[in-house]
Amino acid sequence: AQKVTQAQTEISVVEKEDVTLDCVYETRDTTYYLFWYKQPPSGELVFLIRRNSFDEQNEISGRYSWNFQKSTSSFNFTITASQVVDSAVYFCALSEMEGGGADGLTFGKGTHLIIQP
Amino acid sequence: GAGVSQSPSNKVTEKGKDVELRCDPISGHTALYWYRQSLGQGLEFLIYFQGNSAPDKSGLPSDRFSAERTGGSVSTLTIQRTQQEDSAVYLCASSHGLAGNNEQFFGPGTRLTVL
């Protein structure tokens, strides 16, 4: 069965620091998708990125970057020059393809990121 | 509408009562998902619809939970004889189609409190 582990329950940094959120996953499928979602205090989950298992290229989007490494089953998320508005709970998630995608997303427990001014 | 909407936003009920939670997906999205978010369990997947069909109901926590979708659009999640452990935020998401390669758009959730 699939599993997503976010070992960091809470991280607190001062504004402008860089911060990396860890995500480790387990799956027996060779084809799968990984996601990051942001949940700000308002509560609504916001999609950040999707990555398929065949694409190990790192991705950068503004201050956000993602490092996907199949060898270590990790999909880490880095925020550069953090801002107070980045404060939120961040979830890593996995979707396996073998079941036809009918299993929904398996989420990690989330990392609560606090950016202090 | 522009996004996934859910109603009610908050629901307080007494133990033993039935509740119905509603989800309006993004227009044109064929896939619809229900999740539950609670402090102890994090985000759990409950059930998925492709069109009006739910191929796998094994994610529902108990037989008190049921869900339906009609007309390929609106979905309702019904909890019968609510228990205190049902208290959680129930999230709905929709996507263009099958498989994990489609981004799921989430609604704001319904916060259910069972007294």
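The values are calculated or read from the model by the stated rules, or taken from the named source; none is laboratory data. Computed from a predicted model, the values in this text were never measured in an experiment. Every residue, glycine among them, receives a Cβ derived from its backbone with ideal geometry; neighbour counts consider all protein chains shown. Only protein heavy atoms, including side chains, enter the accessible area calculation; ligands, DNA and RNA are left aside. Shrake-Rupley method; radii C 1.70, N 1.55, O 1.52, S 1.80 Å.
Within region B:58-72, is there a residue that is within 12 Å of chain A (Cβ to nearest Cβ) and of a type in the set (G, A, S)?
Yes, because at least one residue in region B:58-72 is within 12 Å of chain A (Cβ to nearest Cβ) and of a type in the set (G, A, S).
Given (1) in contact (Cβ under 8 Å) with a residue 60 or more places away in the chain; (2) open to solvent by 60 Å² or more (accessible area, probe 1.4 Å); (3) under 22 Å from A:F107 (Cα atoms), where does B:K17 come up short, assuming only one miss?
It is condition (3) that B:K17 fails.
Within region A:59-66, is even one residue within 14 Å of chain B (Cβ to nearest Cβ) and surrounded by 15 or more Cβ atoms within 10 Å (Cβ to Cβ)?
No - not one qualifying residue is present in region A:59-66.
Looking only at region B:22-62, which residues are closer than 14 Å to B:G97 by Cα and in contact (Cβ under 8 Å) with a residue 24 or more places away in the chain?
B:P25, B:I26, B:S27, B:G28, B:H29, B:T30, B:A31, B:L32, B:Y33, B:F49, B:Q50
I need the full set of residues from region B:63-85 which are without any contact (Cβ under 8 Å) to a residue 60 or more places away in the chain and open to solvent by less than 40 Å² (accessible area, probe 1.4 Å), in order please.
B:R64, B:F65, B:A67, B:R69, B:G72, B:V74, B:S75, B:T76, B:L77
Of all residues in region B:22-57, how many are more than 9 Å from chain A (Cβ to nearest Cβ) and of a type in the set (D, E)?
1
Restricting attention to region A:6-29, and to residues there that are among the charged types (D, E, K, R) and in a loop (DSSP other than H, G, I, E, B), which single residue is most open to solvent (accessible area, probe 1.4 Å)?
A:R28
Spot the failing condition for A:S73; the list is (1) of a type outside the set (A, V, I, L, M); (2) open to solvent by 10 Å² or more (accessible area, probe 1.4 Å); (3) under 30 Å from A:K16 (Cβ atoms), and only one is missed.
Of (1) of a type outside the set (A, V, I, L, M); (2) open to solvent by 10 Å² or more (accessible area, probe 1.4 Å); (3) under 30 Å from A:K16 (Cβ atoms), only one is false for A:S73: (3).
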